[in-house]
Each structure stands twice: as structure tokens, then as C-alpha cells.
1. Taking the condition at pLDDT 90 or above, in a loop (DSSP other than H, G, I, E, B), within 13 Å of residue 120 (Cα to Cα) and out of contact with any strand residue (DSSP E or B) (no Cβ under 7 Å at 6 or more places or on another chain), does residue 5 pass?
2. Give segment 1-43 a look and list any residue that's open to solvent by 90 Å² or more (accessible area, probe 1.4 Å) and under 30 Å from residue 76 (Cα atoms), or say none.
3. Would you be able to tell me the number of residues in segment 73-89 that are assigned to a helix (DSSP H, G or I), under 13 Å from the mean Cα position of the chain (by Cα) and either closer than 15 Å to residue 9 by Cα or not hydrophobic (A, V, I, L, M, F, W, C) (or both)?
4. In the set 108, 150, which member is closer than 27 Å to residue 22 by Cα and at pLDDT below 95?
Amino acid sequence: MARRPVALVAAVVLVLEACGIVLLNWILSIVVDRQQMSLAGLEPGAMSTGSWVGGGVFGLYLLLCAGILVRTALRDRAPGGFARIVLISAVVVHGMVGAFAIGLVGWAAFVAMMVVLALLVFTLVAYGEGRARGGDGPAADGAPTGPRPAAPGAA
């Protein structure tokens with residue numbers, strides 16, 4: 001199945017995106033610092049530092065998501081509860097950033113965000129909760145796992 005390569009591709013894309021975010025925030029901090037920009041009385045140094053910190057935190061978050069995806073692909077098992085929540089939050093973030101990207105940057109950025117979103121969603125769906133056991137659970141033989149239906153006439 002294609003779930004391992006997709007998880008690895010998603011991890012590589014998230015690492016590249018993390019590098020891009022950090023680079024973008026570094027450039028923004030330089031611009032703010034050199035032009036001595038201020039917003040609502042904030043010091044330019046504080047804005048420059050805030051840009052650095054924001055970019056670093058977001059970059060680390062994307063690297064965490066990439067690490068979870070690499071671990072998932074190498075083990076070929078579904079991510080655990082916390083890791084799954086982190087990946088779902090990354091899906092939501094990419095959906096929101098994609099929606100904002102249409103108006104701010106253009107359709108190309110929207111398409112890029114939706115490709116990353118699709119890779120993440122495919123990975124989450126491919127490594128669903130039912131496959132977390134590796135196929136050795138009660139549903140592995142194809143037998144239904146739900147409660148037995150009531151016999152006709154028994155009430």
C-alpha cells in the first residue's frame with residue numbers, strides 16, 4: 001500500500017515548509033528592524049524578536065509533525081493519541097492558512113497548502129484506528145465484531 005511513502009513525502013514537505021517559515025520570519029524581522037517599524041507603540045526590537053520567536057515556534061511545530069510522520073512510516077503503525085491530535089491540528093492549521101492564502105498570496109499558495117493538507121489527511125486515514133493493532137485483532141479474520149443480532153421472536 002502507498003501509506004508509507006505518502007507519510008514520508010508528507011514529512012519531507014513539512015520539513016521544507018518549516019525551513020521556509022523560519023526563513024520568512026527571519027526576513028520579516030530584518031525588515032522590521034531596519035525600517036524601525038512600530039505597531040501601536042510596540043518597540044521595533046520587540047516586534048523583530050516576536051517575529052523570530054513566532055517563526056521558530058511554528059517551525060518546531062512543523063518539525064514535530066514531520067517527526068511523527070517519519071516515526072509512523074518507519075514503524076508502519078498508526079500514531080498514538082497525542083501524536084494523532086498533533087497531526088489533526090496540523091491539518092486544521094493548513095486548512096486555515098490555505099484559506100487565508102487565497103486572498104493574501106494567491107491561488108498557487110492555496111494549492112500548495114491543500115497538497116500538504118491532502119498528504120496529512122491521507123496519512124491519518126490510511127493509518128486509521130482500526131489498523132493500529134497491525135491486523136492481529138478480532139477483526140483480522142473478517143468476522144463481524146459487533147453484538148450478535150437478537151433471534152427472531154425473542155423479545
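1. The answer is no for residue 5.
2. Matches in segment 1-43: 1, 4, 16.
3. Selection size over segment 73-89: 3.
4. Details: 150 fails: closer than 27 Å to residue 22 by Cα.
Going through 108, 150 in turn, the sole match is 108.
The values are calculated or read from the model by the stated rules, or taken from the named source; none is laboratory data. These numbers were taken from a predicted model, which means no experiment stands behind them. Positions of Cβ are generated from backbone atoms using ideal geometry, with glycine treated the same way; all protein chains shown enter the neighbour counts. The area values use the complete protein model at the heavy-atom level, side chains included, leaving out ligands, DNA and RNA. Shrake-Rupley method; radii C 1.70, N 1.55, O 1.52, S 1.80 Å.
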